[in-house]
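The values are calculated or read from the model by the stated rules, or taken from the named source; none is laboratory data. Being a predicted model, the structure only gives us computed values, none of them experimental. Here Cβ is always computed from backbone atoms with ideal geometry, including for glycine, and neighbour counts include all displayed protein chains.
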Amino acid sequence: METPPDHAECVLLLERLLWIAQSTRLRADRRDGLHDQLNVLAAQIRAEPFRNWYYPHLARDLGISYSHFRARFRESLESTPAAFLQRCRMLTIARELEIGQSIKSVAYGSRLLRPRKTFPVFSAASSACLPEPTWLRFPAVVL
């Protein structure tokens, strides 16, 4: 008569079965073509990280729902779409700063800063509507 396995053996067996199920599902996901499409999309994001990426439209273009897009993106690339995009942007900025570009040119090139022409309302407001800071009105006191 065979003795039943102890608790530790059962846990190890269950973990092994879970690993087999997950790896089989991952291989099946990679066969359906969406994994390849997401990798192409990731390459496009890396190439143009400062483009205005709108994920619901990308999901629609892939023929899946936005929630399914987020889940599959995370499974395939091990990151949420927003985190992946932010990382790509930060790496691009770091690379440009390393090659010697000025902070100002990197900021404008990455659209972190925009010239005042882009927002004429703000440029008019900054010169006409905002009060002068109080520390500018009073002379400095020398002790």
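Some observations on this one:
- Scanning region 62-88 for residues that are among the basic types (Lys, Arg) and touching a helix residue (DSSP H, G or I) at 6+ places or on another chain (Cβ under 9 Å) gives Arg70, Arg72, Arg74.
- Search result, residues across region 67-90 that are surrounded by fewer than 13 Cβ atoms within 10 Å (Cβ to Cβ) and not in a helix (DSSP H, G or I): Glu78
- Some residue of region 44-61 being modelled with pLDDT under 90, loosely packed, with under 13 Cβ neighbours inside 10 Å and of a type in the set (Lys, Arg): yes
- Lone qualifier among Arg46, Arg72 - being of a type in the set (Lys, Arg), closer than 19 Å to Leu91 by Cβ and free of Cβ contacts under 8 Å to residues at least 60 places away in the same chain: Arg46
- Among the conditions (1) among the basic types (Lys, Arg); (2) at pLDDT 90 or above; (3) out of contact with any Asp or Glu (no Cβ under 9 Å at 6 or more places or on another chain), Arg72 misses just one, which is (3).
- Matching option when the condition is surrounded by 13 or more Cβ atoms within 10 Å (Cβ to Cβ), among the β-branched types (Val, Ile, Thr) and not in a loop (DSSP other than H, G, I, E, B), among Ile93, Ile64: Ile93
- Residue in region 121-143 that is hydroxyl-bearing (Ser, Thr, Tyr) and at pLDDT 85 or above present: no
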